[in-house]
Amino acid sequence: MPADTMLQPSHTTGHNLLEPLPHRSWSRWAFSFTFFMTVLWLPGSSGTTVVDCHKNCICASNIVSCSKMNLTTVPTEIPLYTTVLDLSYNEIGRLRSEWTPVRLPKLHNLLLSHNGLHFLSSEAFIYVKQLRFLDLSSNSLQELEEFIFEQLVNLEVLLLYNNQITKIDHSAFIGMANLQKLYLSQNQISRFPVELVKDKSRLDKLTLLDVSSNKIKTLPLDELQVLPAYIRNGLYLHNNPLLCRCDLYTLLAHWYLRKLNSAMDFRDDFTCVLPGPQKLQVGVFELSGDSMNCSTFKEAEVEAYLEQTTNLKCDTKHRDVVKAWALPGNVPVVPQSNQTAKVLLDGSLQISQTKAEDSGTYTCTAMSDTFNETIYVILKVHNFTIHGSGETLNTAYTTLVGCLASVVLVLMYLYLTPCRCFCCPSKGKARGEDSIHSSMLSVTPTHVDPALKAELNRHVAFIDSKESQGQNGKLNPNGDEDDEEEEEGDAEGGSLMKGKRKKSVAESISSVFSDTPMMV
């Protein structure tokens, strides 16, 4: 190659060296644009907020508080170690299913009160199934739809008070097997959620249900009467426009005598509306006075019958307590003894082959580490079996029956026997006619046609006679009544009536009831 050729500058080479420069510039620009768009579309970059423990949230160990930060959505990138998340006092109106894109396995407490929240997604709690405390109070919720809390199988406390709830679906709380406290007060609820406490659908661990200050007018009183005391103790019903009824008064009076918290703490807040156009509102505990004159409530006794197996319940206000029983006379019930009473696994007392002497007051003592409670149960055993067949009769009852029977017999003797001769209106009346007319069963008409008198002058007599009859038409079995009557007439000649007295027969009372009438 010539030297001059080698020394001559090459335009092609220079051109090739400068050609890649615009390509590198384009690449840098494309990379910068891609990075910018990626940052722009990161979660929380478009209308959302990322948890920032230095700006919009306060982080203290495993607690994240983003309260009062004017948030409209739930912040993203919540740390996985978070156990308490406080989002109260913000402007989060909707809780969607994607409010957290990842599972938060350690989140136990979620606070969303005072947000104006009006929408809950049916899948809002899929990634937070470990929640034990959920606060949705003081929002704008209007309806609890079916299975809305189904995923919260571990939730223990649910706060829904001070919302605008008007409707609760029957299946809204299905699956919440561990729910213990449910607050629904200060809403617009008009139906008592009986499915929460009803025997077959009851939430087993529910001990507090607050439906006070709502629009409930009627209560399922039959269902509420049979609830265990530990549920009634935490069932708050005050400040509702209940309709006044005597059985409502009886229910609450019983709770008050048992010193249940729901009746003791809010006694003056239980009001009801009297029937009538004026819709007067009075206190429920005043219904035993002039308002409705309901009968004053008294604790009823437990009744049993002879030879019956009877169970006495120790209806305590708390669960998981140790229960001990004492028989009348403060005799303790000893396990595995020869006593007819024994304590069952549920704490109730079983009395087998009940006897009359088992009547009395039984004492149940419920004990735990923090409290003691004493319950008295009065048992009354009837003196007959459950089928009604009398085994023994009460002495006073027997005496009363005997006295009544004696009085009846005396009255029958005085008023059902015929008139004696000393009260007869006429002395010269024929013997046969007088005897028959004195019969209590005489059917002789008072006014008859003279032409028919002979035909109608027939009477009902008890026993047929020959020519003369004794008292009540009783035939003298000896046949010598005439002679005896003449002797009696002589003996009683100086008597007031001065007439022959008919001979009295010992069976005169029984003759009144003779069922063999004869025509004379």
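Determine how large the accessible area of L252 is when every protein chain is in place; take a 1.4 Å probe and give Å² rounded to the nearest 10.
L252 has an accessible surface of roughly 0 Å² with all protein chains in place.
Can you pull the accessible area of H114 for me, 1.4 Å probe, Å² to the nearest 10?
70 Å²
L237's amide H: which non-local residues (gap 5+, or another chain) put their own amide H closer than 5 Å, with H modeled 1.01 Å from N in plane and none for Pro or chain starts?
For L237, no residues qualify.
Among the listed pairs K259/K380; K217/K313; K205/K279; K167/K317; K205/K259; K129/K313, which have their C-alpha atoms separated by more than 27 angstrom in this model?
Too far apart for the 27 Å limit: K217/K313; K205/K279; K167/K317; K129/K313.
With a cut-off of at most 11 other beta carbons within 10 Å, and DSSP calling the residue loop, which trypsin sites (Lys or Arg not before Pro) in region 182-224 qualify? Please list them.
K200
What are the chymotrypsin sites (Phe, Trp or Tyr not before Pro) within region 169-241 that DSSP puts in a loop, where the Cβ has at most 16 other Cβ atoms within 10 Å?
none
The values are calculated or read from the model by the stated rules, or taken from the named source; none is laboratory data. Given the structure is predicted, the values throughout are model-derived calculations rather than measurements. Quick reminder, even Gly has a Cβ in these numbers, built from the backbone with ideal geometry, and neighbours come from all protein chains shown. Heads up: the accessible areas ignore ligands, DNA and RNA and are worked out on the full protein's heavy atoms, side chains in. Shrake-Rupley method; radii C 1.70, N 1.55, O 1.52, S 1.80 Å.
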